[in-house]
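Working notes for the structure below.
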Amino acid sequence: MPLYAILLPCFSLVSTMKPQTDNSKERPPVVVVMGHIDHGKSTLLDYIRKTNIVAEEAGGITQRLSAYEVEHTTKDGAKKRITFLDTPGHEAFQSMRSRGAQVADIAILVVSAEDGVKAQTIEALKTIRESSIPYLVAINKIDKPSADVERAKRELVAHEIYLEGQGGTIPWVPISAKTGVGVDELLDVALLAAELEELRGNPEIQAEGVVIEATIDTKKGVSATLIIKNGTLKSGDFVIAGNAFAPVRIMENFLGKNIKQASFSSPVRVIGFSSAPAVGSSFKTVATKKEAEAQVALALREKASVEQIIEEVENQITLPVIIKADALGAVDAIEHELMKLPQERVRIRIVQRGVGSISEGDAKLASGSSNSIILGFNVGIDARAKEVAERNGITIAMFDIIYKIHDWFAQVIAERAPKFKGEEVLGSAKIMKVFSAAKGVMLLGGKVEKGKLSEGDQVRLVRRELEVGRGHIVSLQQGKSSVRKVEEGNEFGAQVKTNSEPAPGDTIESFIVVEK
């Protein structure tokens, strides 16, 4: 039976229909190669790149981009384009997985015919399954004398990777990445998987896709590597990724060549971002700088709003701590002391612990957060470490008695704990009668039921447990005398400045705003 006939039902189980438009066209797949570190992923990618990319690639920026395009000629002579992500462990793919997005359309799981299934093979499979993308298996190193393809297949099945022909539906191809045997067939199967996924794109719309890398160059500024998933990116456009944007003036393809436009599935590098966009974030394109700035401003407002909500809900900050001591026993003791401190509003997170002097590396690690603290116990501090810490406002505290660390850190927590404002009720009274109102000042009579009311107090008016207005007490009267305060159980008259309309039966509560 032909290979295509065998594979067609295999991918139909994972294929999903894609919406098409009149302007949609077939989109080249983005393929990620994954597997155990020694099973030949890099060798496979090197072979594909050398045999499918023109010689001009040498000296390009493939390694910096971590993505490149190849052109593969299928068995029927058709020329098809494929984009490969250079490394399966690349931060971009992990970020995509954590955000529930997908930069890759197809995955190739590489397994050595010599070693079979390893721990990283299972980890890679978990990543693929969580990303919900179809995959195929490449059993590599079949050229080795110790290769045992059947054993590798049995191990795959034992780990619930059910291959076609072994009671399952996962396509597999035996290959030698070193000699190239089976690689063309592997690419044919990958393209078939893409065909069954019905990957489409519209070249007429503005580009959108995913950020897979971001770098800062002292001469060129901030650049980002993008995978275009739909539309066309043109010179003169503006790319927006989160709260960062860039005019498309300098755009390079994966070979490092300046280009004026690129379409779906292509990896490109855009130089000139306002700040480093988050790896794994989505990008979109607009036509003008004004639109870009407006959308970035909106993103910043939304981010600030979310951060405020998180702060209000959690009401907690994190203090990253680096511990350096003269012995590991002392490090353990210090960590134990820190964990005994209350962490309701301040969470202590040990980011690094070790023996020896406080180094420049410790200071640079701490500089990632302005809240960082470096604790030294019976150790010295390098001059460069001190300089980096001072430049970045990082606190370094040196001790020779452990209990002093506990006391000092307790004070730090008290100082750095987030403060929040609350209202403390001083007294409440039942309104018995409303006499008159003039220019927002109400004259009313009532009886204090709890606490006390004082002249000048801020008050809120409550009706059936719902607040209906606020104001403050202008003056108080008890009997026929003016007073400064009225205690619990006493009747009173009061002038209250408020824009609301109190009614008999309402409650008037006096309060103060306190910071806790």
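In this rough spin-label picture, where each label sits 7 Å from Cα along the Cβ direction, the residue 179-residue 37 distance is 2.9 nm. Put 73, 121 in order of accessible area, highest first, and with a 1.4 Å probe you get 73, 121.
Treating each Cα of segment 417-516 as an identical point scatterer and summing with the Debye formula, the log10 of I(q)/I(0) at q = 0.13, 0.22, 0.23 Å⁻¹ comes to -0.41, -1.10, -1.20.
Between residue 438 and residue 250, the simple spin-label model (points 7 angstrom out along Cα→Cβ) gives 7.4 nm.
Whose amide H sits under 5 Å from the amide H of residue 172, counting only residues 5 or more places off or on another chain, with H placed in the peptide plane? Under 5 Å from the amide H of residue 172 lie the amide H atoms of 137, 164, each far enough along the sequence or on another chain.
Between the alpha-carbon centres of segment 333-376 and segment 142-173 there is a gap of 48 Å. Length available on full extension from residue 235 to residue 164: 0.36 nm per residue minus the Cα-Cα distance, which gives 20.9 nm.
Take the alpha carbon atoms of segment 204-260, find their radius of gyration, then divide it by 2.2 N^0.38 Å using N residues; give the quotient. Show your work: numbers first, answer last.
Details: Rg = 11.2 Å, N = 57, 2.2 N^0.38 = 10.2 Å.
For segment 204-260, the normalised Cα radius of gyration is 1.09.
For residue 157 and residue 195, the difference between the fully extended length at 0.36 nm per residue and the C-alpha to C-alpha distance is 11.1 nm. Counting only protein heavy atoms and a 1.4 Å probe, segment 332-420 has 53 square angstrom of accessible area per residue. Taking amide H as placed 1.01 Å from N in the peptide plane, the amide H of residue 353 sits under 5 Å from that of 323, each at least 5 places away or on another chain. Taking label positions 7 Å along the Cα-Cβ direction at both residue 468 and residue 514, the computed distance is 2.9 nm, reported to one decimal. For segment 365-409, the share of alpha carbon pairs falling in successive 5 Å distance bins from zero is 5, 22, 29, 22, 17, 5 percent.
Residue 497 to residue 294: FRET efficiency via 1/(1 + (r/R0)^6), r the Cβ-Cβ distance, R0 41 Å, to the nearest 0.05? That pair, residue 497 with residue 294, gives E of 0.50.
Ordered from largest to smallest accessible area (heavy atoms of protein chains, 1.4 Å probe), the residues 69, 208 come out as 208, 69. Between residue 318 and residue 369, the contour length at 0.36 nm per residue exceeds the alpha carbon distance by 17.4 nm. When the alpha carbon coordinates of segment 167-248 are projected onto the principal axes, the ranges are 50, 33, 23 Å, largest first. The HN-Hα couplings worked out from phi for segment 244-258 by the Karplus form 6.51 cos²θ - 1.76 cosθ + 1.60 (θ = phi - 60°) are 10, 8, 8, x, 7, 9, 10, 10, 10, 7, 5, 8, x, 8, 5 Hz, whole numbers, x standing for Gly and Pro.
Couplings for segment 294-299, taken from phi via the Karplus curve 6.51 cos²θ - 1.76 cosθ + 1.60 with θ = phi - 60°, read 5, 6, 5, 4, 5, 4 Hz in order; Gly and Pro are left as x. Straight-line cross-link partners of residue 153 among the aspartates and glutamates, defined as a Cα under 13 Å from its Cα and at least 8 positions apart when in the same chain: 114, 115, 164.
Applied to segment 398-410, the Karplus parametrisation 6.51 cos²θ - 1.76 cosθ + 1.60 on θ = phi - 60° returns per-residue 3J(HN,Hα) values of 10, 9, 10, 10, 5, 5, 5, 5, 4, 5, 5, 5, 4 Hz, with x for Gly and Pro.
Amide H contacts of residue 214 (H built 1.01 Å from N, in plane; Pro and chain starts excluded): 225 sit under 5 Å, all sequence-distant by 5 or more or on other chains. Within a straight-line Cα-Cα reach of under 19 Å, residue 497 can be paired with the following aspartates and glutamates, leaving aside sequence neighbours fewer than 8 residues apart in one chain: 455, 457, 467, 506, 509.
The values are calculated or read from the model by the stated rules, or taken from the named source; none is laboratory data. As the structure is a prediction and not an experimental result, all values here were calculated from the model. So basically every Cβ, Gly included, is an ideal-geometry build from the backbone, and we count neighbours across all protein chains shown. Keep in mind that these areas ignore ligands, DNA and RNA; they rest on the heavy atoms of the full protein, side chains included. Shrake-Rupley method; radii C 1.70, N 1.55, O 1.52, S 1.80 Å.
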